[in-house]
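**Q** So that we are looking at the same thing, I have put the structure below in structure tokens.
The values are calculated or read from the model by the stated rules, or taken from the named source; none is laboratory data. Model, not experiment: these values are computed from the prediction. Neighbour counts are summed over all protein chains in view; Cβ atoms, including those assigned to glycine, are modelled from backbone coordinates with ideal geometry.
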Amino acid sequence: MQYFRRLSIIRSSFRFLSFSSSSTVNVHASTTHEELYEINKLMNNYNNSHVPIRTVALFEWMSNIINLKPDFICYTQIIRACGEINNLKICQKIHEFIDKDQTLQSKEYYQLQIKLIYMYAKIKHIELAEQIFQQIKNRSFDINLYGTMFKGYNMNGQSEKTIRLFENEILNKKTIELDAISATCVLSACSSSHRLDIGHHIYNEVVRLKLLDPPNIRLATAIIDMYCNCGSIDRARKLFDQLLPIADHITYSILMKAYLSINQPTQVLSLFHQLQSSSSSISPDAVLYLHVINACQQLGLPHQAENIHRAIPSFIIEKNLS
């Protein structure tokens, strides 16, 4: 009966949040394993509904009130929630809880450490993320670990540290191969720091490792952005033309902005006409229209700029005013 009472509380929480019938809790569950499954399910719904504080409260309830031991999935949910609530004390408490759990398998513990790195970076305590990284970096040559640290540095405006870590641990030692995510992170750092030398090296590695086969728009966009910000727009345009079928709003916007920065407004208009005449499903958004209007102004074509402004669909204007 004790388990049924607990699950009744969980079921009530689901009803309170008015989740769909597909999220209904199985009230006939009677084992600890099934009960934990229901709690993990509820935590996931709390996180997806952007109420992470309820995930934290549920974790406190299950671990302190009913003494139900968390499993790996439960830990991933609570770490995810902690990254959203931005409370260092709670984050450290969860970290300590995980460190004391002797039932976790070594692989599970390692994966949770990587998630803790991201959690600390997200709440702007990159120094705590670095501490975990230094403790575990020699245990495994894992690109996921380095990719998480790269992302953490970038999130905290420390792109120079991303580049330094890449140079010291990957470029010089040559023990780890980049993947698409880690390459994207380093390229972003190169873009911010204007490091064309490292950025071009990353591009060569991307080609060697065939990370753009099949096409990866996020990685391709990071390469184009790096070249544009490092003053190598011709290289950016060459890659853009190669990947034109998968180009999106962001890719077009990066290239248009770069052309405006070097006073080549005719290239902006050319890209805009190319976008309109292509078979792409992309429709110009507010940012692209703004680039085109600025290009017209640079060319001294106020009437054409006004015509383009009038042609902007009303739903785009309303969306950006709301």
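**Q** Taking the condition of being assigned to a helix (DSSP H, G or I) and over 21 Å from the mean Cα position of the chain (by Cα), how many residues in the range 56-87 meet it?
**A** So the count comes out to 12.
**Q** Okay, next question. With respect to residue 253, determine if the residue is more than 25 Å from the chain's Cα centre (by Cα), among the polar types (S, T, N, Q) and either in a helix (DSSP H, G or I) or not assigned by TED's automatic domain parsing to the domain that holds residue 301 (or both).
**A** no
**Q** Does residue 165 count as buried (at least 19 other Cβ atoms within 10 Å of the Cβ), of a type outside the set (Gly, Ala, Ser) and in a loop (DSSP other than H, G, I, E, B)?
**A** So residue 165 does not fit the description; no.
**Q** Looking at the structure I just gave you, is residue 185 over 20 Å from the mean Cα position of the chain (by Cα), part of a helix (DSSP H, G or I), crowded, with 20+ Cβ neighbours inside 10 Å and not assigned by TED's automatic domain parsing to the domain that holds residue 296?
**A** Criteria not met by residue 185.
**Q** Determine whether residue 223 is buried (at least 19 other Cβ atoms within 10 Å of the Cβ), within 26 Å of residue 166 (Cα to Cα) and not assigned by TED's automatic domain parsing to the domain that holds residue 186.
**A** no
**Q** Something else: Within the range 124-142, how many residues turn out to be surrounded by fewer than 18 Cβ atoms within 10 Å (Cβ to Cβ) and under 16 Å from residue 182 (Cβ atoms)?
**A** So the count comes out to 4.
**Q** Looking at (1) surrounded by fewer than 16 Cβ atoms within 10 Å (Cβ to Cβ); (2) in a helix (DSSP H, G or I); (3) of a type in the set (Lys, Arg), can you tell me which one residue 210 breaks?
**A** (2)
**Q** Considering only residues of the range 276-289 that are at pLDDT below 85 and part of a helix (DSSP H, G or I), which is surrounded by the most Cβ atoms within 10 Å (Cβ to Cβ)?
**A** By that ranking, first place goes to 276.
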